[in-house]
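**Q** Sharing a structure, written as structure tokens. Questions coming.
The values are calculated or read from the model by the stated rules, or taken from the named source; none is laboratory data. Bear in mind the structure is a predicted one, so any value in this text is a computation, not a measurement. Cβ placement follows ideal geometry from the backbone for every residue including glycine, while neighbour counts extend to all protein chains displayed. Quick note on the areas: whole protein, heavy atoms, side chains included, nothing else; ligands and nucleic acids left out. Shrake-Rupley method; radii C 1.70, N 1.55, O 1.52, S 1.80 Å.
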Amino acid sequence: MKRFIGILQFLTRIPIRVDIGFDDEFHKTMYYFPLVGFVLGILYFIVGLVSSLVFDSYITAVNILIATVVLTGGLHLDGVGDTFDGIYSYRDKEKILEIMKDSRLGTNAMLSVLFLILMKLGLVYSIVESGNLYNLIFMPVFARMAIVIASYKSVTPRKNGMGNVFIGKPTLNMILIGIAYTAILVAFIGSVLFNLDAISIIKVIAFIPVMIIFTRCFVKYIYSKIDGITGDILGCTSELVEVVYLIFIYLTFGLK
């Protein structure tokens, strides 16, 4: 429980007034990454549910996106901006890393965050309009699991960085356990709370291999640029997986 609270404080802005701190084994909190995603997903769902009682589908979608930023402090969106600023500067490795560390907002950062939010807005709107709001619960679950996948057997080109706490630290056992209870969470929430049929549950669980393949391909691409990954890359991975998940749901559930 102590480690779960610690990583919940680290990855979210949920006000928990408990001083957990860091230790040499803080990376073991990665076991709880999907569970942190589940907490966020439930909160997104509640925001969407309450908002839909007052507003139309479009405003509800906007409110949900606002909630994703408020509850996470925009931590991963910052990673998207820094990643695109650096990777698409088309410079050498050292210059890319320097640009990614720069707190100033570049054109690539602004456009990447803008396009990502617009894409999310359209896809979340489709989910709200279709009445399948429960799908939002699983979005951050897969996104946080993707961080574990991306960190597996990875290295970092930086000596210091927030992401170094996790990069290269996950074990295969950690990944298998994370995948197992991600699938269990989807099956339990889908069947018990929303009375979904087996086909709908299987459709959502089928995103697991898509998430793994996309994440490892993205990591491989980043390796070709900077010979490793950083904390910004992990945040970017999480955000991109959320978009891929929303596209997957849009296509598999036929939300036209």
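**Q** For segment 83-88, in order, what is each residue's ³J(HN,Hα) by Karplus, 6.51 cos²θ - 1.76 cosθ + 1.60 with θ = phi - 60°, in whole Hz (x at glycine and Pro)?
**A** Residue by residue, segment 83-88 yields 5, 5, 4, x, 4, 9 Hz.
**Q** Return the long-range amide H neighbours of Ile229 (sequence gap of 5 or more, or a different chain), with a cut-off of under 5 Å between placed amide H atoms.
**A** Sorted by chain and number, the residues that satisfy this are Val155, Thr156.
**Q** Hey, another quick one. Apply the Karplus parameterisation 6.51 cos²θ - 1.76 cosθ + 1.60, with θ equal to phi minus 60°, to every residue of segment 56-72 and state each ³J(HN,Hα) to the nearest whole Hz, in sequence, with x for glycine and proline.
**A** 7, 4, 5, 5, 4, 4, 4, 4, 5, 5, 4, 4, 5, 7, 5, 6, 10
**Q** Tell me the relative contact order for the chain as a rounded percent, counting alpha carbon contacts under 8 Å between residues six or more apart. Numbers along the way, then the final one.
**A** Numbers: 341 pairs, mean separation 69.2, N = 256.
Taking the mean separation of contacting Cα pairs over the length of the chain, I get 27 percent.
**Q** Which whole-angstrom value gives the distance between the alpha carbon centres of segment 240-256 and segment 159-221?
**A** 15
**Q** Can you tell me which of 100-110, 173-183, 31-41 comes out highest on packing, and rank the rest after it, using the mean Cβ neighbours within 10 Å? Let's see the in-between values first.
**A** Values: 100-110: 14.4, 173-183: 16.5, 31-41: 23.3.
Top of the packing list down: 31-41, 173-183, 100-110.
**Q** Can you tell me the dipole magnitude for the chain around its Cα centre, using point charges on the Cβ only (Lys, Arg +1; Asp, Glu -1), in Debye to the nearest 20?
**A** So the magnitude is around 400 debye.
**Q** Enter the angle in degrees (range 0 to 90, nearest 10) between the Cα long axis of helix 135-151 and the first principal axis of the Cα atoms of the chain, meaning the one along which they spread out most.
**A** 20
**Q** Among Gly168, Val124, Ile212, flag the residue with its Cα farthest along the positive direction of the charge dipole of segment 103-249, charges on Cβ as +1 for Lys/Arg and -1 for Asp/Glu.
**A** The Cα lying farthest towards the positive end belongs to Gly168.
**Q** In addition: Leaving out ligands and nucleic acids, and using a 1.4 Å probe, what accessible area per residue does the chain come to in Å²?
**A** Details: 12160 Å² over 256 residues.
Counting only protein heavy atoms, the per-residue value for the chain is 48 Å².
**Q** With viscosity set to 1.306 mPa s at 10 °C, what whole-number translational diffusion coefficient in µm²/s follows for segment 166-256 from Stokes-Einstein and a Kirkwood radius over Cα pairs?
**A** Estimated via Stokes-Einstein, D reaches 107 µm²/s.
**Q** Over the Cα atoms, compute the radius of gyration (one decimal) and Dmax (the largest Cα-Cα distance, rounded to a whole number) for segment 35-253, in Å.
**A** That works out to 17.4, 52 Å for Rg and Dmax.
**Q** What FRET efficiency do you get for Ala198 and Leu176 if R0 is 30 Å and r is their Cβ-Cβ distance, rounded to the nearest 0.05? Could you put the intermediate results ahead of the total?
**A** Values: r = 23 Å, r/R0 = 0.77.
That gives a FRET efficiency of 0.80.
**Q** Can you pull the percent of the chain's accessible area that's carbon plus sulfur, 1.4 Å probe, other chains left in place? Let's see the in-between values first.
**A** Values: 7930 of 12160 Å².
Answer for the chain: carbon and sulfur cover 65 percent of the accessible area.
**Q** Can you compute log10 of I(q)/I(0) for segment 1-137 with the Debye formula, treating each Cα as one identical point scatterer, at q = 0.10, 0.11, 0.19 Å⁻¹?
**A** Once normalised to I(0) and log-transformed, intensities are -0.44, -0.53, -1.10.
**Q** Counting helices only, and only those DSSP H runs with n ≥ 4, report the 222 nm mean residue ellipticity of the chain as the sum of -39,500 (n - 2.57) divided by its residues, in deg cm²/dmol to the nearest 500.
**A** That comes out to -23000 deg cm²/dmol.
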